[in-house]
Every structure is written in structure tokens, then in C-alpha cells.
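The values are calculated or read from the model by the stated rules, or taken from the named source; none is laboratory data. Computed from a prediction, not measured in an experiment: that's the story for all the values here. Here the Cβ positions follow ideal geometry from the backbone for every residue, glycine too, while neighbour counts run over all protein chains shown.
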Amino acid sequence: MNNPRQLFLTTWISLAAAGALFPAPPAKPKNPLGEAAEVVAAGRALYNKTCTGCHGPDGSDGDRAPSLNAARRYFRLSEAAIFDAVKNGIPGSPMPSSPLPEMEVWKIVAFIRNIRATASDNHVSGDVENGMKVFMQEGGCRACHMIRGQGGTLGPDLSSVGAQLTLQKLRDALTTELPPSNGFRPVTVITAAGLTVQGVLRNEDAFSLQLLDRNGKLHLFDRQELRTIEYGKRSPMPRNIDKRLSERDFQDLIAMLSRQARSKMRMEQQGENEVGR
Ligand code: HEC
Ligand code: HEC
């Protein structure tokens, strides 16, 4: 052990064993057919012919089975677990095993993964580093959003946004007017003392109101101490980002956001919440 080379090797091996140098890759038995567009299209046709007695067409909600698209939180994330559910059925549920040959089942698996794909599953092209710069500087996003612990709190934390939204929903969030969701409704109050406070409504009940202002400060008001309360109809999220930025900066921003997928990486590595294999 006084041999420096041996010491190096031992340290190296124990580091590797601890997963510090080589974190275990997510266990992913590969679909032997791949996930190319023709495979997905063939799977879609098979699915619409075989499965819509219970599930809805194209993976939507059916009368007798849940939707298979991104509308719900899934339990089966890996190819293997989806394959297993389709091939062998789900014991104790109406989901039957399938008599289809294995290669046909793989086509359906490719289709189901395709309709579930979130932004992080797409390899969005663009300069991620520049996208982060746009986020932090000229885009003004960090005033309201946090990524990995940096930024404001008025809007949602975007550290996992790539794993939460489909690519289309991500684009829509930056470009189309949507009604404000719970927790982000703008509100302006004037207190009895004449002070105006603006922000988003975090919570309210018959007696009190919680408002988060743009500086990230939470205000708790007694309704009795307020002269007026005005609720806004538009979310504070600016929805014309594509017009405010150059085409290139916008693309880079989307590329960067689509790669913010913390929770998904963790889920796939640990198989968190996954049932089946
Ligand atoms: C007889 C009705 C029925 C038919 C036919 C059917 N399913 Fe299902 N399926 C269900 C039900 C019910 C569930 C929910 C089971 C549960 O988790 O309790 C389900 C669940 C699933 C799941 C698991 C979803 C998840 O992430 O947990 C997949 C994948 C699936 N079905 C795919 C298919 C495919 C592909 C076909 C056609 C080859 C098919 N199903 C045919 C009833 C059906
Ligand atoms: C004035 C504050 C503010 C600024 C500036 C802002 N946002 Fe937002 N953003 C919000 C709020 C609030 C929401 C939540 C909207 C809602 O659901 O009503 C939101 C929602 C979003 C969402 C959807 C998140 C989800 O999980 O649905 C994305 C993506 C997003 N913003 C990205 C950006 C980007 C990129 C920028 C910079 C170009 C930006 N925002 C600038 C306040 C802001």
C-alpha cells in the first residue's frame, strides 16, 4: 500500500464502486425495432385496431381504461415495464395479456412511449449555454423563475420543466395566452392605510389573503385591513417571448429548458414509483 500507483488504483476502484465515477446507467433494455417514425406509425395502427375497446383512440381516455398519453402520471416508464404490461397484462385488473407476436408488441411500445414523450425526450437542437444566458439576462426570466436554486419565486421553479411538459406545451407556455392557474393569479390590494401591494395570490379564505410580491416577499393580510382587492385575469407570465427574442435566442432558450429534467432522471435511474419490471 506504500506504492503510490497501488494507492491510486485502490482509490479509483472504491470511487468507481461508490458510483462516483460511473453512475449506474438507467437499466434500459432496448426496443429491438428502435423508435423511428415508421415503427411508431405501425404501432399506432396496431394500437388503434387492438386496444381501443377499452383505451381511447390514439392513447386518449377510454370508457374502460385510463388514457395512455401524457395526461396522467404514469407508473410504467421504462420500455421493459410497458412491454410487460402489454404482453402479460396487469394481474388483478381488466388489462388483458396480448396474443400479438413480440415484435408487434414492441411496435405498440414505441407508439406509447412516443405519445408520452416530454420535452426532455426530444433532442431539441440549439445552443444550451446561450439559452441559459438568455434566461438569466436578456430574457428576464430569472426575475420570476428559479432553475437549480437560482432566480425568483413569483413563477414556478423550472428545474424539471423539460420532464413535466411536452415540447408543444413548453412552446405554448412562452407564446400563447393562457388563463392563470391556481397560485399564480395576479392580485392588487390597497390597505386601509393606503398602501398598494401587487403580486400573485397564493392562498385566500373568508378572513385572510396571502400574496407573494415580485420581490419574493409573502404578505399575509387580514381582509378587514384591506380597502380594495382587485383580481387580475391575465397570468403575469409574458406570452410573447418568441416576439421579444431573436429566432435564434428563442430556439436556444427552448433547447435549454427542454433539458431541465431533474426529477425525470432521478425517476428513471431509481425506477421510482414504477410497478412491473
Ligand atoms: C379489456 C380492457 C382493456 C384492453 C382490451 C386493453 N387494456 Fe390496457 N389497461 C386496461 C386497464 C383497466 C388498465 C389499468 C390497469 C391498472 O393499472 O389498474 C390498463 C393499463 C394499461 C397500461 C399501463 C398504463 C400504466 O402506465 O400504468 C398499458 C401500457 C396498456 N394498458 C396498454 C394496452 C395496450 C397496448 C392494449 C392493446 C394491445 C391494451 N392496453 C388493451 C384495460 C384494457
Ligand atoms: C413577471 C414574472 C415572469 C417572468 C418575467 C417570466 N415568467 Fe414564466 N411564468 C410566470 C408565472 C407566474 C407562471 C405561471 C403561469 C400560470 O400558470 O398561470 C409562469 C409560467 C412559465 C412556464 C410554464 C411552467 C409550467 O410548469 O407550466 C414556463 C415554461 C415559463 N414560465 C418560462 C419563462 C421564461 C423562459 C421566461 C423568460 C423569457 C419567463 N417565463 C418569464 C412568471 C414569469
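Details
- Note on region 30-58: residues that are within 17 Å of Ser98 (Cα to Cα) and either outside any loop (DSSP other than H, G, I, E, B) or in contact with a helix residue (DSSP H, G or I) (Cβ under 7 Å, 6 or more places away or on another chain) (or both) total 9.
- Inside region 107-125, residues that are surrounded by fewer than 20 Cβ atoms within 10 Å (Cβ to Cβ) and more than 17 Å from the chain's Cα centre (by Cα) make up a count of 1.
- Screening region 112-130 for residues that are closer than 16 Å to Leu170 by Cα and outside any loop (DSSP other than H, G, I, E, B) and picking the one that is nearest to ligand 1 (Cβ to nearest atom) gives Arg116.
- Extreme residue, nearest to Ile108 (Cα to Cα), among residues of region 46-61 that are within 6 Å of ligand 1 (Cβ to nearest atom) and in contact (Cβ under 8 Å) with a residue 12 or more places away in the chain: Tyr47
- Exclusive hit being more than 8 Å from ligand 1 (Cβ to nearest atom), in the same structural domain as Glu104 (by TED's automatic domain parsing) and modelled with pLDDT of 85 or more, set Ala71, Ala85, Ala41: Ala41
- Met267 meets each of the listed conditions (1) among the aliphatic types (A, V, I, L, M); (2) at pLDDT 90 or above; (3) surrounded by 16 or more Cβ atoms within 10 Å (Cβ to Cβ) apart from (2).
- The residues of region 217-251 that are in the same structural domain as Lys169 (by TED's automatic domain parsing), away from ligand 2 (no atom under 11 Å from the Cβ) and buried (at least 17 other Cβ atoms within 10 Å of the Cβ) amount to a single one, Gln251.
- The residue that is nearest to Thr118 (Cα to Cα), among those in region 201-216 that are out of contact with any Lys or Arg (no Cβ under 6 Å at 6 or more places or on another chain) and crowded, with 18+ Cβ neighbours inside 10 Å, is Leu211.
- Any hit, region 95-105, residues being under 26 Å from Gln168 (Cβ atoms), part of a loop (DSSP other than H, G, I, E, B) and near ligand 1 (Cβ under 6 Å from one of its atoms): no
- Subset of region 131-186 that is touching a Ser or Thr at 6+ places or on another chain (Cβ under 9 Å), assigned to a loop (DSSP other than H, G, I, E, B) and more than 8 Å from ligand 2 (Cβ to nearest atom) - its residue that is farthest from Leu212 (Cα to Cα): Thr166
- Filter pass, Ser235 being among the polar types (S, T, N, Q), closer than 25 Å to Gly139 by Cβ and without any contact (Cβ under 8 Å) to a residue 40 or more places away in the chain: no
- Test for Leu170: is it under 14 Å from the mean Cα position of the chain (by Cα) and either at pLDDT below 95 or under 17 Å from Ile254 (Cβ atoms) (or both): yes
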